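To start, the structure itself, in C-alpha cells.
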Amino acid sequence: MAAAIRYSERHVGLTATNPSVATLLVRDGRVVGRGVTARGGRPHAERVAVDEAGEAARGATAYVTLEPCAHHGRTPPCADGLVAAGVARVVSAAADPDPRVDGKGHAILRAGGLTVLPRVMAAEAGEPLSGYLTRHARKRPEVILKIAVSRDGMIGVEGRGQVAITGTIANRQTHLLRSRVEAIMIGAGTLREDDPMLTCRLPGLESRSPLRIVLDPDLCVPQDAQLVATAGKPARTLLVHAPNAPETRRRALLEAGCELQPAERDPEGTGLALPEILEDLAATGLSSILVEGGSRIARSFLHNDLVDRLILVSSPVEIGADGVPAAITPAEARSQFALSRHYVFGADRWAEYVRRSA
Ligand code: AOF
Ligand code: ZN
C-alpha cells in the first residue's frame with residue numbers, strides 16, 4: 001500500500017475533477033499491473049492496472065488507494081472491472097465520499113466473492129487525496145497559502161515590483177508545488193505589482209502549470225499583463241470579478257482568451273466574497289488552490305478561516321521599514337496551525353503548517 005500511495009502522487013493536480021488514485025496488482029509477490037488515474041481523470045487507476053496485467057490479474061491482490069468506484073460514469077464501475085478480471089482480494093485505503101460510491105464499491109466486490117480489506121493506511125493515502133477529500137467535506141477546494149517572508153517579517157515593498165526574498169532551492173520548491181495544485185490564485189494588486197506568469201517552469205514539468213486565477217473586482221488588469229497575454233497558451237487564466245465590472249473590459253478580456261467568473265462583493269465592498277468564490281470553484285470540480293498573492297488576499301483567507309495548509313518560507317534577506325508586513329508572523333502561525341514539515345533550503349527555512357483539526 002505504501003508503494004501504491006507513492007505512485008498515486010504522480011498525477012496529483014492533473015486529474016480534476018477526479019482524484020489521483022493508484023492501483024497495484026500483486027500476484028505471487030510480484031507486481032503484475034499498475035495504474036494511476038490518467039491525466040484529465042480517466043481511465044481510472046484500476047482499469048489501467050487490470051489492462052496491464054491481463055490474464056495475470058486472475059487470483060491477484062489489488063492495492064487501491066481509494067475505494068473502487070461503483071457507478072457508471074464515463075467509464076464502467078472499477079469494482080465490476082476487478083471482479084471480471086478475476087482479482088481475488090482487494091486491499092483499499094481511503095473511503096470514497098462520493099455518494100455514488102461511498103461503500104457501494106466494496107459491496108460489489110464482496111458480492112462478487114472477493115475478499116476486501118478496507119482502511120489500510122487510510123491516513124497516509126489521504127495526503128495525495130487531500131484536495132478531493134476537502135472538496136467533498138467542506139464544499140470548497142483545499143487552500144494552501146504560501147508566504148515568503150524576509151528576516152524582518154516583510155513580503156515586499158509597495159511599488160517596487162517583484163522583490164527577491166527566497167533563494168533558488170525554495171523557488172524551485174514553489175514551482176514543484178505549483179505542479180501539484182489545480183489552481184494558483186492572486187489578487188489584482190499583486191498582478192499590477194509583479195506582473196507574474198504563475199506557471200510551473202521546472203524542466204519537464206511545464207505542462208503541469210495549473211489554472212491561474214486573479215481576483216479582480218473591477219477588471220482593471222492591464223491588457224498587456226503576462227497573465228492576459230498568455231491566457232490559454234501555457235495555462236488558462238480565470239478572472240473573478242464583481243457583477244458590475246465594465247462590460248467593455250469583460251469583452252476585451254474574453255477576446256484575449258481569459259475566462260471570467262462573476263462573484264458578489266464582500267460585505268465591506270472592497271473585495272470579493274471569498275467563501276462564495278471557493279464554493280463556485282468547487283462546483284466546477286476544482287479541488288486545490290495555491291494562494292500566492294500579497295498581504296491583502298492572504299489576510300482575507302486567514303480572516304475567513306479558509307486556509308487548510310500554510311507554508312511560510314523565511315529568508316535571511318532584510319527589507320527594511322518601507323516593506324509590506326506579512327499577513328501572519330511565525331509565532332501566530334505556530335499558535336493557529338500545527339507544524340507538519342520543516343525543511344532547510346539553502347539559506348531559507350520552509351515550514352509547512354496544517355489546520356488544527358476542529
Ligand atoms: C476509482 N478509480 O482511479 C478514480 C476514482 O466522472 P467519473 O465517471 O470518472 O467518476 C468520478 C468519480 O470516480 C470520483 O468522484 C471518485 O468517486 C471516483 N474516482 N475511482 O475507482 C480512480 N479516480
Ligand atoms: Zn473507477
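Derivation of every value follows stated rules applied to the coordinates shown; laboratory data play no part. Only a predicted model underlies this, so the values are computations on that prediction, with no experimental measurement involved. Here Cβ is always computed from backbone atoms with ideal geometry, including for glycine, and neighbour counts include all displayed protein chains.
Some points to look at:
- The share of Cα pairs per 5 Å bin across the stretch 135-261, counted from zero up to the longest distance, runs 2, 10, 18, 21, 20, 15, 10, 3, 1 percent.
- Degrees, to the nearest 10: 274-283 long Cα axis against longest axis of the chain: 30 degrees
- For the stretch 194-271, taking the reciprocal of the average inverse distance between every pair of different Cα atoms yields a Kirkwood hydrodynamic radius of 13.1 Å.
- Computed across the stretch 228-289, the Kirkwood hydrodynamic radius from all distinct Cα-Cα pairs reaches 12.7 Å.
- Qualifying aspartates and glutamates (Cα of each under 13 Å from Cα of Lys233; at least 8 residues distant if same chain): Glu206, Glu259
- When the GluC sites (Glu not before Pro) in the stretch 271-358 are filtered for DSSP coil states and for at most 14 other beta-carbon atoms within 10 Å of their beta-carbon, the remaining sites are Glu318.
- Value of Rg to Rh for the stretch 1-124, rounded to two decimals, is 0.92; Kirkwood radius and Rg both from alpha-carbon coordinates.
- The base-10 log of I(q)/I(0) for the chain, evaluated at q = 0.11, 0.14, 0.15 Å⁻¹, reads -0.79, -1.13, -1.23 [Debye formula, identical scatterers on Cα atoms, solvent excluded].
- Altogether, the Stokes-Einstein calculation at 37 °C and 0.692 mPa s, with the Kirkwood radius of the stretch 56-139 over Cα pairs as Rh, returns a diffusion coefficient of 254 µm²/s.
- Rg and Dmax of the stretch 70-212, both derived from C-alpha coordinates alone, stand at 21.5, 67 Å.
- Kirkwood Rh and Cα Rg combined as Rg over Rh, evaluated for the stretch 214-353: 1.01
- Counting only DSSP H runs of at least 4 residues, each contributing -39500 (n - 2.57), and dividing by the residue count of the chain, the helix-based mean residue ellipticity at 222 nm comes to -7500 deg cm²/dmol.
- Taking the C-alpha atoms of the stretch 310-358, convex hull volume expressed per residue in Å³: 69 Å³
- Principal axes of the stretch 270-358: Cα extent on each, largest first, Å: 41, 31, 23
- Here the stretch 143-189 is treated as a sphere whose radius is the Kirkwood value from Cα pairs; by Stokes-Einstein at 20 °C and 1.002 mPa s it diffuses with a coefficient of 174 µm²/s.
- When you restrict to C-alpha pairs under 8 Å that are six or more residues apart and normalise by the size of the stretch 237-323, the relative contact order lands at 20 percent.
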